[in-house]
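In what follows, a structure is listed as structure tokens, so that the remarks can point back to it.
The values are calculated or read from the model by the stated rules, or taken from the named source; none is laboratory data. Note that the coordinates shown come from a computational prediction; the quantities given were computed from them, not determined experimentally. Counting neighbours? That spans all protein chains shown, and the Cβs are built from the backbone with ideal geometry, glycine included.
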């Protein structure tokens, strides 16, 4: 029975892949003379960067950015396709002509994608913990993550395969077998609930990510965060397309849009979305650096 | 005839009902056990399933992965035995479920007939690090409906049923085949062989039945072979014994026949040898009555006549009794007038009655012809009447005959002879019909007689299918009753038959009679009697002379003695009849013989004689026979 379920699921995935490939092939090759080129956007439910479901749908920074791009690139027929991280990665690796509105630099390089100019500015990943457990963490700020990892009485939660920051990723790789680290492919929501239930003592995530989950769960700001020592205070996300000629051509057009839009206030506020007020200030402070980069 | 049935079929019918009941009971028990086993297996499977899924479910709860929980619940539900699954968090809230979740009321009781089986799997967190106390995450509840077990039992039932049917059918076919082959056929062959068993043929070469197996049938065959051999031996032995006994019996029969022949010869000879001189005595006595005698001489003559008569009666009785006891009495069945027969018998005793001064009365109120042996009836009546006369000194002797009843051609007649004589006591009455028995010893001394008369009467009556009995009162008289069944003749009584005897008595035509008799005394006595009767007589001392005399002619009647020297009576008759065949005419010949044995009369009549007289004969007997023969010739 389990095999059957697996087989059914794999069959569903295979069917989906075939249909999707067929769709892309059709849209890419068979085009009416006057029809626009279809640009497939791979979107991932990654609150609060991209919120696809629920009350807060389309309230993420990527959502605003994607909306701007689609609006400003009318010569494309924009198609938004929902994917998981893994699916998006697989599509990129297989060379399917798709684009994604937001990706960090490290995975983009890893996948050899055609990336745009920095599209959005974000703050660094933090150590998130409940306020009622603040005593466990002392007053250290920024926190020495390695020291934290070594504290066996504290259980930390991280998302497997997620690129946090070079120093963090290195530490995670080093301590991945540590029993006090729960490194799983979990959503932010799951992690946050585990944190709330006490199963995890701390998380590594963005502060606005925690703020979003806190808000979504209707909690009254139960968490607090601290910076991780050695982590840059900000980072950018990029628009990326498949690393081929098509991708690079699309990226060029996207860069043109970004050049026009990034300086606009209406666009700037996408980077600030869902950050706590104190962090919004930081975003505003770092955003001009992106434009100058 | 009772219909043959097949042994295998009968065994099948006999066993099948019980087998069916047993099979149903066993199947029900088996199904019950199967159901319980399946429930137990399902329970075990649920435990195993819970154990398998609990880590994943725990992890999904722990990580708040609702999607995975739903998938897991659905996955668990896909298991054939699970009809419902629910996953609750630690606060009892259902966070995932699939399938049919029964209410708590439905789940009351957990016996083997309850509609649901439930298995609760508590879910706990993993112990990630030392010092962390695992806590309960919730619980997973698995449900399995009774229908799952029932469905499996249905399947099992079908399997069992098909299995049983195939096995049973196979078993019965094999059973039928084996019984038929190994039991019915051998037994049928055995029965056929036994029914065709010819013991006689088996004497020399026993017919051994063959059966190759040493089972019960084989033992039966062996026993039958043994029995057949013993039967053949017994049969042979029996045959030998029968042959021996037959030979013995044949010898005994030959001896008995020889003895009987000797007895018959003895009786015939005795009869002849006694009758011949007695004939002379009685003839001479009769002749003496025609001479001048003093009263004293007459008295002596009467004594001689009476003694002779008694002696003749004794001889006749002994002969009759010996013939009856030897079964040699053959009754005739000829039409006759019973009333005339009675009258005739009564008439023969009227002289004696008159001599004793008795009054008599004969009332034969019968008419028509009956079929029977009138001579034997007359013999019985003469005996009864003689006794009545003998034992009655005064009063009346009455002969009555009445028809008791008739039906179709059968009639029963009762003839009663009553007297007013001395009678007899009751004790004597019971023995009066026994041989050599009279009322008492004084009776014998006073009245004489052998005591055989009534015995002969009873035996003759019984031979005729009737009976005889007596009623008597001492000093007042006796009544003897004879009841005889007769066949009613279809012929009508003719006047001749009514008056024949009367005509014979009245016929006294003078004749020229040739008497062939070798005994000179008898020749002389007969000669004198016939001359007294007015006939002319020519005598011859043997058959040849008689034939010679007859050839001279002028002979009206021949009285031919049978046993004569040189040529006996039969040879002489044959010579006469042979000549008559050539010349024509017919001379009546009456045989005279002292051989009074039964059958002599018939034999002589068959030889060609016209009449027959047994010696000694009285004057009136001779006259009657002569008249009868002559009358017969006149009529023809």
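Being over 30 Å from residue A:253 (Cα atoms) and under 21 Å from the mean Cα position of the chain (by Cα) holds for only one residue in A:198, A:156, A:138, A:102, and it is A:156. Could you list, in sequence order, the residues of segment A:267-278 that are part of a helix (DSSP H, G or I) and either within 21 Å of the chain's Cα centre (by Cα) or buried (at least 19 other Cβ atoms within 10 Å of the Cβ) (or both)? Correct list: A:267, A:268, A:269, A:270, A:271, A:272, A:277.
Of the set (1) over 23 Å from residue B:282 (Cα atoms); (2) at pLDDT 80 or above; (3) assigned to a helix (DSSP H, G or I), all apply to residue B:324 but (2).
Residues in segment B:562-595 that are more than 22 Å from residue B:277 (Cα to Cα) and part of a loop (DSSP other than H, G, I, E, B): 5 in all. The set of residues in segment B:60-93 that are facing chain A (nearest Cβ under 9 Å), crowded, with 17+ Cβ neighbours inside 10 Å and without any contact (Cβ under 8 Å) to a residue 40 or more places away in the chain comprises B:63, B:64, B:65, B:71, B:75, B:79.
Each row is one residue, and each column tells you yes or no for (1) modelled with pLDDT of 95 or more; (2) surrounded by fewer than 19 Cβ atoms within 10 Å (Cβ to Cβ).
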residue	(1), (2)
A:212	no, no
A:220	no, yes
A:228	yes, no
A:239	yes, no
A:265	no, yes
A:280	no, yes
A:293	no, yes
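Give the residue that is farthest from the chain's Cα centre (by Cα), with candidates limited to residues of segment A:171-186 that are exposed (fewer than 14 other Cβ atoms within 10 Å of the Cβ) and away from chain B (no Cβ under 13 Å). Here the residue is A:174. Look at residue B:98 and say whether it is in contact with a strand residue (DSSP E or B) (Cβ under 8 Å, 6 or more places away or on another chain) and either within 14 Å of another protein chain (Cβ to nearest Cβ) or on the phi > 0 side of the Ramachandran plot (or both). In short, yes. Within segment B:119-137, restricting attention to residues that are facing another protein chain (nearest Cβ under 10 Å) and free of Cβ contacts under 8 Å to residues at least 12 places away in the same chain, the residue that is nearest to residue A:157 (Cα to Cα) is B:128.
Scanning segment B:111-128 for residues that are assigned to a loop (DSSP other than H, G, I, E, B) and either surrounded by 19 or more Cβ atoms within 10 Å (Cβ to Cβ) or touching a strand residue (DSSP E or B) at 6+ places or on another chain (Cβ under 8 Å) (or both) gives B:115, B:125, B:128.
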